[in-house]
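Q: This is the structure, below, for whatever I ask next.
Values quoted throughout were computed directly from the atomic coordinates according to the rules given, and no laboratory measurement underlies them. Predicted model only: the values in this text are computed from it and were never measured. Cβ placement follows ideal geometry from the backbone for every residue including glycine, while neighbour counts extend to all protein chains displayed.
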Amino acid sequence: MKPLIFSFGLAASAVAHPVSFEGSYQLMLGGTDSMQNFELYHSYTPKTAFGLHLMRFEDERDDDLFAGLQHNWLLKRWNLPDAQASLYLGAAAGIAKQDGDPWAPAGLGFFRADYETRRIYTAFETKLVGSEDVSRGVTSASVGFAPYKAEFEQLNTWLILQFEHVSGMEDDLSIIPKIRLFKGNYFLELGCSLEGAPQVNFMVHF
């Protein structure tokens, strides 16, 4: 069952897939020059995962850090004849700080919705971090397509256009064309915003 799950369910949404098959681990890392992200989860049931989440936000004014333990839930999955849709929710408790300030208790909230076929992909995601001194958020909407169909062990390619807003940053909205590549349990995403900021994401399931 695992190859079937990965060949369809993770075709395009792997970059932010917070729950995988039971017993697996997911390592996700990447970001831009102004935001970096590290996530390591263990899916202990088909619908729940638990792990570590680290984030860094950097701009001309502040350098904000978050570290916490996060729990993710697969709220609902619709397995349609030629498509799949999923809803995810996550919550983390940890600590956060700004440059020069002490660490303080912090929380993180996460929501994701995606829909895809073997050729079309759409997703919406929002992530909010809050503490006494830190208030950051990342919200994105993505749409993309696969120029060809490929099996799980073949090289899969997706062309994605992402609209992203990071609260507290100078630019209100970033438009990021991307290419997503995955083969088996390995995934790589490369993109660059219209302002010239590169973005790299990597994920592996094991």
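Q: If I take every Cα pair under 8 Å that is 6 or more residues apart in the range 46-160, average their sequence separation and divide by the length, what percent do I get for the relative contact order?
A: 17 percent
Q: Around Ala104, what is the net charge, scoring Lys/Arg as +1 and Asp/Glu as -1 over all other residues with Cβ under 13 Å from its Cβ?
A: After counting each charged neighbour, the total is -3.
Q: Additional query: Each label point is 7 Å from the Cα along the Cα-to-Cβ direction; what then is the distance between the points at Arg56 and Tyr25, in nm?
A: Placing both labels 7 Å along Cα→Cβ, they lie 2.2 nm apart.
Q: Using only C-alpha positions, report the orientation-averaged shadow area of the convex hull of the chain, nm², one decimal.
A: 10.6 nm²
Q: Pulled fully out, how much extra length does the chain show between Phe206 and Asp63, if you take 0.36 nm times their separation in residues and subtract their Cα-Cα distance?
A: Extending this stretch completely gives an extra 48.2 nm.
Q: Let me ask something else about it. How large is the Kirkwood hydrodynamic radius of the range 16-125, counting all unique pairs of alpha carbons, in Å?
A: 15.2 Å
Q: Return the calculated 222 nm mean residue ellipticity for the chain, to the nearest 500 deg cm²/dmol, obtained by summing -39500 (n - 2.57) across DSSP H runs with n ≥ 4 and dividing by the residue count.
A: Result for the chain, helices only: -1000 deg cm²/dmol.
Q: Between Leu173 and Asp101, with labels modelled 7 Å along Cα→Cβ, what's the label distance in nm to one decimal, could you check?
A: Placing both labels 7 Å beyond Cα along the Cβ direction yields 2.9 nm.
Q: Let me ask something else. Under the definition of Cα pairs under 8 Å and six or more residues apart, what whole-number percent is the relative contact order of the chain?
A: Relative contact order, the chain: 17 percent.
Q: Return the subset of Lys47/Lys127; Lys97/Lys183; Lys47/Lys183; Lys97/Lys178; Lys47/Lys97 for which the Cα-Cα distance in this structure is over 27 Å, preserving the input order.
A: In this structure, Lys97/Lys183; Lys97/Lys178; Lys47/Lys97 lie more than 27 Å apart at Cα.
Q: Report the label-to-label distance for Thr126 and Ala141 in nanometres (one decimal), using points 7 Å from each Cα along the Cα→Cβ vector.
A: Between Thr126 and Ala141, the simple spin-label model gives 1.2 nm.
Q: As an exercise, find the ratio Rg/Rh for the range 130-204 from alpha-carbon atoms, using the Kirkwood inverse-distance average for Rh.
A: Taking Rg over the Kirkwood Rh, I get 1.08.
Q: May I pose another question? Determine ³J(HN,Hα), in whole Hz, for all residues of the range 107-113 in sequence, where each value follows from phi through the Karplus function 6.51 cos²θ - 1.76 cosθ + 1.60 and θ = phi - 60°; x replaces Gly and Pro.
A: x, 9, x, 9, 9, 9, 9
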